[in-house]
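Heads up: the structure comes next, in structure tokens.
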Amino acid sequence: HELLHRRSHPSVSAVQQLMKVFVTRRIPPAGQAVLAQAGVCNIQQWDSEEPIPQAELLAGVAGKDGLLCLLSDRIDKEVLDAAGPSLKVISTLSVGYDHLAIDEIKKRGIRVGYTPDILTDATAELTVA
């Protein structure tokens, strides 16, 4: 397993600093394209389908502005300390956020995004079927 580095093409002045984002799992090219188009960012990704080892997570999140994680990634005080004060946003590809240390995240003023309604239609369709 290795870490991949990708840089989106700057669409704004070169003076603007790139936002550094760490992704804890391999994401499909379409997802990478969405990240690149969302703004000017430097994406570092754990290139595996397997959960990221804690040591790699701690090293990968250091100095990042954003973190994109999964339900299997426990984002606790240790991870937040490793990220440092530059971490501004955490987004999780999950319905819930029990794996996030929400109280600690709030104390640090970090914004959180998650996908609460992602399974609503599928659940309704299964119930009707």
Exercise. For E56, indicate whether it is in contact (Cβ under 8 Å) with a residue 12 or more places away in the chain and either part of a loop (DSSP other than H, G, I, E, B) or of a type in the set (A, V, I, L, M, F, W, C) (or both).
Key: no
Quiz item: So which residues in the range 47-64 are crowded, with 17+ Cβ neighbours inside 10 Å and within 18 Å of V89 (Cα to Cα)?
Solution: L57, G60, V61, K64
Quiz prompt | Looking only at the range 98-129, and only at residues there that are at pLDDT 65 or above and assigned to a helix (DSSP H, G or I), the one that is surrounded by the fewest Cβ atoms within 10 Å (Cβ to Cβ) | solution = D103
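The values are calculated or read from the model by the stated rules, or taken from the named source; none is laboratory data. Owing to the predicted nature of the structure, the values given are computational and were not obtained by experimental measurement. Cβ coordinates were reconstructed from backbone atoms using ideal geometry, including for glycine residues, and neighbour counts include every protein chain displayed.
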